[in-house]
């Protein structure tokens with residue numbers, strides 16, 4: 001295979017997946033924003049919040065809430081911060 005042809009093929013694959021990559025990046029950013037909002041709400045509330053309360057306050061569905069909670073939990077653990085998300089009951 002000629003080097004020029006290979007470069008052309010790689011560019012073509014990149015162009016095809018650019019839309020998918022953009023969508024994935026937007027989803028990750030949205031999940032990160034939800035995680036940050038959850039963390040803020042938990043701090044300012046001064047009490048545990050139910051999932052239904054978080055969904056209502058953030059105007060999101062359960063799947064987005066669970067994604068945000070996972071992201072927040074992973075972030076807190078990976079950064080070795082002194083706090084954690086804890087499920088009560």
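The values are calculated or read from the model by the stated rules, or taken from the named source; none is laboratory data. All of these numbers come straight from a predicted model, not from anything done at the bench. Note: ideal-geometry Cβ built from the backbone for every residue, glycine included; neighbour counts use all protein chains shown.
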Consider residue 87 against the criteria (1) assigned to a helix (DSSP H, G or I); (2) at pLDDT below 90: it satisfies all of them except one. Which criterion is unmet? (1)
Between a residue in region 34-48 that is at negative phi and surrounded by 12 or more Cβ atoms within 10 Å (Cβ to Cβ) and any residue that is at pLDDT 90 or above and assigned to a loop (DSSP other than H, G, I, E, B), which pairs come within a Cβ distance under 6 Å, given they are 6 or more apart or on different chains? none
